[in-house]
Ligand SMILES: [Zn+2]
């Protein structure tokens with residue numbers, strides 16, 4: 001039974017790390033690896049098309065292999081934004097698998113019961129931690145934003161009215177909509193965390209960045 005038949009309205013993603021492992025069986029070398037990950041992590045069409053062209057020029061058969069796999073299932077550009085998850089691999093599952101490694105070898109009922117209790121106590125301890133937070137955003141995300149806010153100072157912003165801004169650096173340019181909380185780079189929509197371009201606007205306008213995490 002196909003995944004799309006079981007859950008027709010749910011987006012189905014493939015783990016890019018596993019796609020790369022299949023690509024690597026025939027196309028080895030750093031060049032293939034670097035271009036593959038650039039294709040996979042590109043969230044806007046300009047970058048995506050640029051790296052696709054590089055792969056085509058390197059080896060048209062390698063590009064065809066990726067095309068046959070269905071880029072919409074493992075390339076960030078095609079991901080739907082509602083999940084607010086821009087992850088291209090299934091590391092989260094691997095971490096959970098490691099978390100229940102011992103239990104996986106238990107008899108079925110003991111396994112389910114032990115996993116249930118283990119997950120329950122973990123959720124409870126995380127909730128206790130969250131109750132003591134002084135802000136609405138997770139500390140890790142806040143730390144990431146503070147660091148990025150400093151790095152985005154190289155971007156030049158121009159106000160366009162109605163919450164719209166043009167944000168440029170060298171030959172690169174993006175349009176940020178602060179009211180809709182979007183940027184043409186698509187990073188903000190996909191992850192829910194403001195991109196460098198939105199952060200450049202917030203820095204320029206002295207805005208509170210915690211208001212803009214979706
Ligand atoms: Zn952006």
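Derivation of every value follows stated rules applied to the coordinates shown; laboratory data play no part. Nothing here was measured: the structure is a model prediction, and the numbers come from that model. Positions of Cβ are generated from backbone atoms using ideal geometry, with glycine treated the same way; all protein chains shown enter the neighbour counts.
Residues considered: 193, 95, 137. Largest GNM mean-square fluctuation over the chain, using C-alpha springs under 10 Å, is found at 95. The separation of region 62-105 from region 161-192, counted between C-alpha centres, amounts to 26 Å. Remark: the residue 119-residue 60 segment gains 16.6 nm on full extension, using 0.36 nm per residue and subtracting the alpha carbon distance. Using only the alpha-carbon atoms of region 52-170 as identical scatterers, what base-10 log of I(q)/I(0) does the Debye formula give at q = 0.14, 0.15 Å⁻¹? At q = 0.14, 0.15 Å⁻¹ the computed log10 ratios are -1.06, -1.11.
Mind ordering 145-154, 121-130 by average Cβ neighbours within 10 Å, highest first? Don't skip to the answer; put the middle values down first.
Working: 145-154: 13.8, 121-130: 10.0.
Ranked from most to least packed, the peptides come out as 145-154, 121-130.
For the chain, a Gaussian network of Cα nodes joined below 10 Å ranks 195, 138, 85 by mean-square fluctuation, and the top entry is 138. Compared with the direct C-alpha span, the chain from residue 90 to residue 17 gains 25.5 nm at full extension, assuming 0.36 nm per residue.
Here the Kirkwood formula puts the hydrodynamic radius of region 73-117 at 12.8 Å, using every distinct Cα pair. Summarised as an ellipsoid, the chain has semi-axes of 33, 29, 15 Å, derived from the eigenvalues of the Cα gyration tensor scaled by 5 and square-rooted, with the largest first. When Rg and the Kirkwood Rh are both derived from Cα coordinates, the Rg/Rh ratio for region 151-214 amounts to 0.91.
A convex hull fitted to the Cα coordinates of region 3-78 yields 84 cubic angstrom per residue.
The simple spin-label model puts a point 7 Å past each Cα toward its Cβ; for residue 46 and residue 158 those points are separated by 1.4 nm.
Efficiency by 1/(1 + (r/R0)^6): what FRET value for residue 6 and residue 67, r their Cβ-Cβ distance, R0 = 22 Å, to the nearest 0.05?
Details: r = 25 Å, r/R0 = 1.15.
The pair residue 6/residue 67 has a calculated efficiency of 0.30.
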